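Below you'll find the structure, written out as structure tokens, and then a few comments.
The values are calculated or read from the model by the stated rules, or taken from the named source; none is laboratory data. Please read all numbers here as calculations on a predicted model, not as lab measurements. Backbone-built Cβ (ideal geometry, glycine too); neighbour counts: all protein chains shown.
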Amino acid sequence: MNKSCVIAVCAAALLSACGQPKQQSEEVATSGNPVFEGWYADPEGIIYDDTYWIYPTWSDLYENQTFFDCFSSKDLVNWTKHSSILDTTEVKWAKRAMWAPSVIRKDGKYYLFFGANDVHEGEIGGIGVAVSDRPEGPYKDLLGKPLINEIVNGAQPIDQFVFKDDDNRYYMYYGGWGHCNVVQLNDDFTGLVPFEDGEIYKEVTPANYTEGPFMFRKNGKYYFMWSEGGWGNPDYSVAYAISDSPFGPFNRIAKILQQDSTVATSAGHHSIMHVPNSEDYYIVYHRRPLNDTARDHRATCIDRMTFDKDGYINPVKMTFDGVAERKIK
């Protein structure tokens, strides 16, 4: 056998022993978008211990929006539905249109804040709060009445977000109709307490604000976010500001989530999930499928959110794949 034949035989034996080289990398599991079936909007995403949770609005006619479901996952890919965790049989004063939940854990209890009744001046409704021993409920009405019923500074009492600051104070940002207020909650979430200047309601409305406020902290800065445009319109979108204070000023920086003619329209009313001790941020939001103009056809989706070297939020690219599997250690 000549030298070239020996080399060929040895090479073939080596490949046989080690296996053929892979032609492509193994596929990574992703959440897909939407992340679960059904028309769901206004999703509030939060992490409790090692589990991701999403609390959305059931997107339907107001008369049918009388309950909340929620969803949980250990890895962002496989989601479990928890049905009817709160409904109008428990919240006696809520007759219709329960939506936009905001959730938080405090002292071993789980609290779910919500808007109800699409309230106008002189009507009963507004922002309520319910409590449970478990994140999946069932939840019980905490007050038997709205926490905030009245319209202050022109802000309809809806779209509340509860934010815990580093000093253990709990603030609630809320408001529709183009106005946003911030209030401070008392220790058991049964009422409001005045700020140091004696005010109870502070208006913090940024430019172009419509509704859906959200707040998080990163590197000592307050990132305030909100939705712009009409919630039923293709131009619904998300913008943000950065401040040194939870009270602003919130000077609008840029729009970071908006319609994409190749993916979806009406992308907005979002929340953020941040995996502790990491740079992994996920934006949870609703959007409308392309060429679908039905008012209530909104679906919950997740995509990654990143920052540039100066701490500004990069524009979010909407995807059909969603996000990669990610367990919390």
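Collect the residues in the range 57-79 that are in contact with a Lys or Arg (Cβ under 9 Å, 6 or more places away or on another chain) and either farther than 23 Å from GLN156 by Cβ or aromatic (Phe, Trp, Tyr) (or both), keeping them in residue-number order.
So the first thing to find is which residues in the range 57-79 are in contact with a Lys or Arg (Cβ under 9 Å, 6 or more places away or on another chain), and the list is 57, 59, 61-66, 69-72, 74-77.
Residues satisfying the conditions are TYR62, ASP69, CYS70, PHE71, SER72, LYS74, ASP75, LEU76, VAL77.
Taking the residues in the range 281-292 that are in contact (Cβ under 8 Å) with a residue 12 or more places away in the chain and over 13 Å from PHE216 (Cβ atoms) as candidates, determine which candidate is surrounded by the most Cβ atoms within 10 Å (Cβ to Cβ).
The qualifying residue surrounded by the most Cβ atoms within 10 Å (Cβ to Cβ) is TYR285.
Do you know which of the residues in the range 19-35 that are modelled with pLDDT of 95 or more and either more than 21 Å from PRO135 (Cα to Cα) or surrounded by fewer than 21 Cβ atoms within 10 Å (Cβ to Cβ) (or both) is farthest from the chain's Cα centre (by Cα)?
Pass one, the range 19-35, residues modelled with pLDDT of 95 or more: 29-35.
Filter once more, so that each one left must be either more than 21 Å from PRO135 (Cα to Cα) or surrounded by fewer than 21 Cβ atoms within 10 Å (Cβ to Cβ) (or both): 29-34.
Working: ALA29: 22, THR30: 19, SER31: 16, GLY32: 17, ASN33: 15, PRO34: 14 Å.
By that ranking, first place goes to ALA29.
Residues SER59, SER102, SER84: which one is modelled with pLDDT of 95 or more, out of contact with any Ser or Thr (no Cβ under 8 Å at 6 or more places or on another chain) and farther than 30 Å from VAL263 by Cα? Lay out the reasoning, then the answer.
On the way: SER59 fails: farther than 30 Å from VAL263 by Cα; SER102 fails: farther than 30 Å from VAL263 by Cα.
Just one listed residue meets the conditions, SER84.
ASN219 passes all but one of (1) without any contact (Cβ under 8 Å) to a residue 60 or more places away in the chain; (2) on the phi > 0 side of the Ramachandran plot; which number fails?
(1)
What are the residue pairs meeting all of these: first residue in the range 250-274, first residue in contact (Cβ under 8 Å) with a residue 60 or more places away in the chain and closer than 18 Å to ASP292 by Cβ, second residue buried (at least 17 other Cβ atoms within 10 Å of the Cβ) and aromatic (Phe, Trp, Tyr), Cβ atoms under 8 Å, and 6 or more apart or on different chains?
HIS269/TRP231; HIS269/TYR236; HIS269/TYR285
Listed here are the residues, each with its yes/no results for (1) surrounded by 12 or more Cβ atoms within 10 Å (Cβ to Cβ); (2) touching a Leu at 6+ places or on another chain (Cβ under 8 Å).
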| residue | (1), (2) |
| --- | --- |
| TRP177 | yes, no |
| ASN181 | yes, no |
| GLN184 | yes, yes |
| LEU192 | yes, yes |
| GLU196 | no, no |
| ASN208 | yes, no |
| PHE216 | yes, no |
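I'd like the residue in the range 296-329 that is surrounded by 12 or more Cβ atoms within 10 Å (Cβ to Cβ) and either at pLDDT below 95 or among the aromatic types (Phe, Trp, Tyr) (or both) and, out of all such residues, is nearest to ILE242 (Cα to Cα).
This residue is TYR312.
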